[in-house]
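A.B. asks: Take this structure first; my questions come after.
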Amino acid sequence: MIFYSPRLYFRDLWISSPLAGAVLVQLFLWWSLIANIRQDTGVIFLHYNIIFGVDLVGNWWQIYYLPLAGIIVILFNYLCSAAIYFADKFLARLLAFWVLFFHLFLAIGVGLLVKLNS
């Protein structure tokens, strides 16, 4: 398997633009949670279902699993994207855009959880 130079890989705007967007959304997620979730709260709501209402509660620090999962998705997808960039640029770019799409839905979920716990 032949890897492209990381400089060449990240110079592709179809790769670097979604990464920049995902990093900005990631910064918003961390800022939103740190600013709005108090650490002295014992139990917070972690999941809300429209039919059953709140169906998962937990400790305040467990809400930080959401942006942490976002970081893991960024790393995994960009490693996979870099690995297949030489063979199929379209699929590599599709993986890069999927990260941004995933983070937009993650931001919606975090926004709703912050509003639910306010």
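A.B. asks: Around Leu95, with a cut-off of 14 angstrom between Cβ atoms, what is the net charge of the other residues, counting Lys and Arg +1 and Asp and Glu -1?
C.D. replies: 0
A.B. asks: Give me the net charge of Leu13's neighbourhood, meaning all other residues with Cβ under 15 Å from the Cβ of Leu13; Lys, Arg count +1, Asp, Glu -1.
C.D. replies: Its environment carries a net charge of +3.
A.B. asks: Kindly express, to the nearest 10 degrees and within the range 0 to 90, the angle between helix 13-36's C-alpha long axis and the longest C-alpha principal axis of the chain.
C.D. replies: The angle comes out at about 20 degrees.
A.B. asks: Can I ask one more? For the chain, just run the numbers: alpha carbon Rg, then divide by 2.2 N^0.38 Å, N being how many residues it has.
C.D. replies: On the way: Rg = 17.1 Å, N = 118, 2.2 N^0.38 = 13.5 Å.
For the chain, the normalised Cα radius of gyration is 1.27.
A.B. asks: Follow-up. I need the phi-derived Karplus couplings for region 53-67: 6.51 cos²θ - 1.76 cosθ + 1.60, θ = phi - 60°, integer Hz, Gly and Pro marked x.
C.D. replies: x, 6, 10, 8, 10, x, 6, 4, 6, 6, 6, 6, 5, 5, x
Taken together, the values in this text are just the output of simple stated rules run on the coordinates, not laboratory data. All figures in this text were calculated on a predicted structure; none of them were measured in a lab. Cβ: placed from backbone, ideal geometry, glycine included. Neighbour counts: every protein chain shown.
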